[in-house]
Amino acid sequence: MQNPIVNRPTLSDRVASVYQEMFSALPVINGQLVYPQMPMTQLSYFSQQAITRHYLVQLQFKAATNVAPTTVVGHLQQDAFGHLILKQTNQVTTIVTLELLRSIQRC
């Protein structure tokens, strides 16, 4: 038997979500901020800065309309073939293409 209370979001999560929706100039979908689409030149420049300076970055991927975009945090690296790789932990690695990104931010 499953406890129905465990699956509910906590009160603090709901308060934080409502607060973001009320006071944020950015749109919010399912409690997550949706950052504006960055131009390709800016994405390219910021990604190169993150690689050379070893910044911890937050990447937000594009998503369908009215769907919360995926946001991940990690360190960007570039392999020998020029592919962008996001190292989130020792076990989790994501291959990234700039065409699928909405925004990149330094954490």
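The values are calculated or read from the model by the stated rules, or taken from the named source; none is laboratory data. Note that this is a predicted model, so its numbers are computed, not measured. Backbone-built Cβ (ideal geometry, glycine too); neighbour counts: all protein chains shown.
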PHE46 passes all but one of (1) within 14 Å of ARG102 (Cα to Cα); (2) without any contact (Cβ under 8 Å) to a residue 12 or more places away in the chain; which number fails?
-> (2)
Per the filter on region 37-50, residues of a type in the set (A, V, I, L, M, F, W, C) and either out of contact with any Leu (no Cβ under 9 Å at 6 or more places or on another chain) or assigned to a loop (DSSP other than H, G, I, E, B) (or both) are MET38, PHE46
Qualifying position, being surrounded by 13 or more Cβ atoms within 10 Å (Cβ to Cβ), assigned by TED's automatic domain parsing to the domain that holds LEU98 and either β-branched (Val, Ile, Thr) or modelled with pLDDT of 95 or more (or both), among THR52, THR70, THR65 | THR70
